[in-house]
Amino acid sequence: MDMTVERIGTTGGGARPRGAARAEGRGVRPRGVRGHVVRDPELAEARRRSILLAAAVLFGEKGYEAATLDDIAQAVGITKGGIYHYFLSKEDIFYEIRVTAIKDALTRLEDILAQGHPPAEALRLAVSDLVSHVLDSPLERHANVLRTPPSLGRRKRQAIRQLQRRYEAAIQHLIAQGVERGELVARDAKLAAFTLLRSALGVATWYREGGPWSRDLIVAQVTDQIMEGLVRR
């Protein structure tokens, strides 16, 4: 069975500024979310990422409701007005944090599957990748523990859930393929994928930098323990 995950357009994660794709084809400078001209797209993307990272950390530390756009601007070193060059609202920032984290994970999973490993080995690499990025990326770590604010619109909630389902389906398919080939054991591939992902991403709820366990030990042991219940002996 084909294990390829459909490519998702941009490795950067969230929505691109309006008109960017059209502008690239005509040599016209792209425009930001409020119509301003983006003179340096690479610098703009770096700034956009820095805003997402700062917001993810602040949302994780203070809570979504308590963290303000002023807090985010101060953490990034720009004015509050500068944020509006990249995002329409605090809800927009939250949405882009979640979408960026999931799309980045999907892109990495696609790269793993493209390497042609047997299912069990590909699954191990995918689990290790998830745990590693929870530890190494503050954006992904906080994105996985943030509670969705009630004010987030239904369409954005659905878009986030759709991306989550794509990742879950790819892992489920990988487990099912491993069972078919006799490499993995699972009574129900969907349930196995669900518990695997909750275990791997759950590291975000308890990991603290400078804690008693090294980063490499956590990645290795959590990956081993997750795979222990799936690999056929």
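Taking a ≥ b ≥ c as the square roots of the eigenvalues of the Cα gyration tensor of the stretch 124-184, is the shape rounded (a/c under 1.5), prolate (a/b larger than b/c) or oblate? Mind showing how you got there, number by number?
Working: a/c = 4.32, a/b = 1.57, b/c = 2.76.
It comes out oblate by the Cα gyration axes.
Would you please name the chymotrypsin sites (Phe, Trp or Tyr not before Pro) within the stretch 131-209 that are DSSP coil residues with at most 11 other C-beta atoms within 10 Å of their C-beta?
On the way: sites: TYR167, PHE194, TRP206, TYR207; in loops: TRP206, TYR207.
Answer in residue order: TRP206.
Shape class of the stretch 158-233 from the alpha-carbon gyration tensor: oblate, with a/c at 1.5 or above and b/c at least as large as a/b.
Counting only other residues whose beta carbon sits under 15 Å from that of PHE59, what net charge do I get with K and R as +1, D and E as -1?
Surrounding charge for PHE59 is -3.
Around the amide H of VAL231, modelled in the peptide plane, lie the amide H atoms of VAL185, all under 5 Å away and 5 or more residues distant in sequence or on another chain. Site pair PHE194 and TYR207 shows an inter-label distance of 2.5 nm when each label is modelled 7 Å from Cα along Cα→Cβ.
Excluding LEU230 itself, calculate the net charge of residues whose Cβ lies under 15 Å from the Cβ of LEU230, where each Lys or Arg counts +1 and each Asp or Glu counts -1.
Working: positive: ARG124, ARG181, ARG187, LYS190, ARG198, ARG232, ARG233; negative: GLU121, GLU180, GLU183, ASP188, ASP224, GLU228.
Computed value for this residue: +1.
Find, among the GluC sites (Glu not before Pro) in the stretch 63-123, those assigned to loop by DSSP (not H, G, I, E, B) with at most 14 other beta-carbon atoms within 10 angstrom. Within the stretch 63-123, the qualifying GluC sites (Glu not before Pro) (loop, at most 14 other Cβ atoms within 10 Å) are GLU65.
Within the straight-line cut-off of under 22 Å between alpha carbons, the lysines reachable from LYS90 are LYS62, LYS80, LYS103, LYS156, sequence neighbours fewer than 8 places apart in one chain being disregarded.
Using a Förster radius of 41 Å, what is the FRET efficiency between LEU88 and GLU121 based on their Cβ-Cβ separation? Nearest 0.05, please.
Details: r = 43 Å, r/R0 = 1.05.
The computed FRET efficiency comes out at 0.45.
In a simple Cβ point-charge model (Lys, Arg +1; Asp, Glu -1; nothing else charged), the stretch 77-233 has a dipole of about 760 debye relative to its Cα centre.
Read-outs: derived from the displayed coordinates by stated rules, not from any lab. Treat the numbers as computed from the prediction; the structure is a model and nothing was measured. A quick note on method: Cβ atoms are made from the backbone with ideal geometry, for glycine too, and the neighbour counts reach across all protein chains shown.
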